[in-house]
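The values are calculated or read from the model by the stated rules, or taken from the named source; none is laboratory data. Since the structure is predicted, the reported quantities are computational estimates derived from the model, not experimental observations. Reconstructed Cβ throughout: ideal geometry from the backbone, glycine too, with neighbour counts over all protein chains shown.
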Amino acid sequence: MKLIKYPIVALANLIKSTIAIFSKRDAIIIAFFTLVGLGGVFAAGLITVSAPDAQGAGYIAATTCDPAVTINKNVVFDTVSKRYVVTTISLSNVDQRYDPNGVNGCGNRVIEMAIPINGVINYTSWSIPSSSVSNSIFTISSGVGCSRYDSNSPTISIDSTLLNNLAFTIKPGTTSIEDDDYLQIKYSVDEYDSYSGSGNTIYDQVSGKTINTVLDTAQNGTITNTSVVATDSRGVKYLTLSQANGSYISTVGTPQGNAQSIYLWIYPLDLDSNGVADPGVIYDEVGSGGWHDAQIDLVNGKVRFNRWPYLTSSPDQYVIESALLTPNQWHLVGVSGTATTLSAYINGSLVSSVSQAWTQNGGAITHGIGTPDTTNLGGNSEARGTNGDFRFNSFYLFGKALSSAEVTALYNYTKNCKR
């Protein structure tokens, strides 16, 4: 097996190297590209892929925003066609730092690839989320993928003898709700730099922004009594939070502003198969002095939304209650709140809004996902404050009240394979 790696060199040397390689008679597939970056920055990259019978990978390329991206491919033998096929092409060690000039980091930019699939040119791209962690892998493959690290294209199976070249370009990306200046915490089981698939820490993908005059640092979460990632039939990765295991996820303490929005992708379970989603706390806040404030709860198959102060009357006039939530499906549930109003949403659509003077703890707040709490959101027929019974995929905390349009944008941007 022949495996060739070329280091990143000055442009003149790179051109010489390319000419020298072309003069050899080795069966090597080469892609060479140039592009002009922002501000007239000139960059060149060289990608080499070894002969079709090679099973290895690990080839270096350069872009305007990353001096060394590694290109990998996976070749397998197809027993039906009796040919070697490329089933996966991936880019690893991508620098995800954000640089407005697109020079020192590729965060919030797009990698676009032109690829001949069995003789026909196809195009795919990857939107690169901005992150301080830079060891993620961007993949196009024959498998089903739902992560933002999977390419925005159909899956592939390429006759390895027809894969003659690849061409890559880098271009500015379009902004999304995930780029909002007020996004304070983001966890995503789908994304490798948030959760690798094992361990008791889920990493916050947001840091380095000033929110409400406070510099945002990474607010990593602690996973209790569950750490095994599973993948459903559509490729969505998740952690299962259950009452039986007493499992939940909690953040470190964060300062609380005068407005916030909390949104979670969950898949409520129906373990007793009665057609009704199992009860339990979905989202809870804990503060100093014994403060606790469950704000999203499943009760009698419906989602209830509220925050302190609760009323002792029944029903509580501030509680927002949804229609029956379909179990065994993915749902984006959450609230947007100011100091005086609270609005609840499911799957990008408004459930209802209430006028309410929000009483806050005033100190650092720990945000809990599926954590137990004694709340006033429970019904008479169900125990209050139990752990949640649901699959968890992602969590968003914004330091502002999202508008209805922004909630819809978040839903549309993140639903991917969940719907």
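When 127, 131 are checked against the criterion of being at pLDDT below 75 and within 16 Å of the chain's Cα centre (by Cα), 131 stands alone in meeting it.
Given the criteria modelled with pLDDT of 85 or more and surrounded by 20 or more Cβ atoms within 10 Å (Cβ to Cβ), does residue 346 qualify? No, not satisfied.
None of 156, 115 is in a strand (DSSP E or B) and either touching a strand residue (DSSP E or B) at 6+ places or on another chain (Cβ under 8 Å) or modelled with pLDDT under 75 (or both) except 115.
Filtering the stretch 159-186 to residues that are basic (Lys, Arg) and either modelled with pLDDT of 80 or more or under 14 Å from the mean Cα position of the chain (by Cα) (or both) leaves only 186.
The criterion of at least 1 residues that are surrounded by fewer than 21 Cβ atoms within 10 Å (Cβ to Cβ) and not aliphatic (A, V, I, L, M) is met by the following strands (runs of 3 or more DSSP E) wholly inside the stretch 235-338: 237-241, 248-251, 260-268, 292-299, 302-305, 320-324. Within the stretch 108-129, the residues that satisfy the criterion of being buried (at least 21 other Cβ atoms within 10 Å of the Cβ) and not basic (Lys, Arg) are 108, 111, 113, 115, 126, 128, 129.
Can you tell me which residue within the stretch 361-417, out of those that are of a type in the set (D, E, K, R) and at pLDDT below 85, is surrounded by the fewest Cβ atoms within 10 Å (Cβ to Cβ)? Only one residue fits best here, namely 382. Evaluation of residue 144 against the conditions (1) modelled with pLDDT of 75 or more; (2) touching a Cys at 6+ places or on another chain (Cβ under 8 Å) shows that the sole unmet condition is (1). Can you tell me which residue among 281, 236, 299 is closer than 30 Å to residue 137 by Cα, touching a residue at least 24 places away in the same chain (Cβ under 8 Å) and not charged (D, E, K, R)? One residue alone meets the criteria, 236. One residue stands out in the stretch 274-299 among those that are more than 27 Å from the chain's Cα centre (by Cα) and at pLDDT 90 or above: the one that is nearest to residue 358 (Cα to Cα), namely 276. Return a yes/no flag: does the stretch 71-86 have any residue that is in contact (Cβ under 8 Å) with a residue 40 or more places away in the chain, farther than 16 Å from residue 156 by Cβ and of a type in the set (D, E, K, R). No, the stretch 71-86 contains no residue that is in contact (Cβ under 8 Å) with a residue 40 or more places away in the chain, farther than 16 Å from residue 156 by Cβ and of a type in the set (D, E, K, R).
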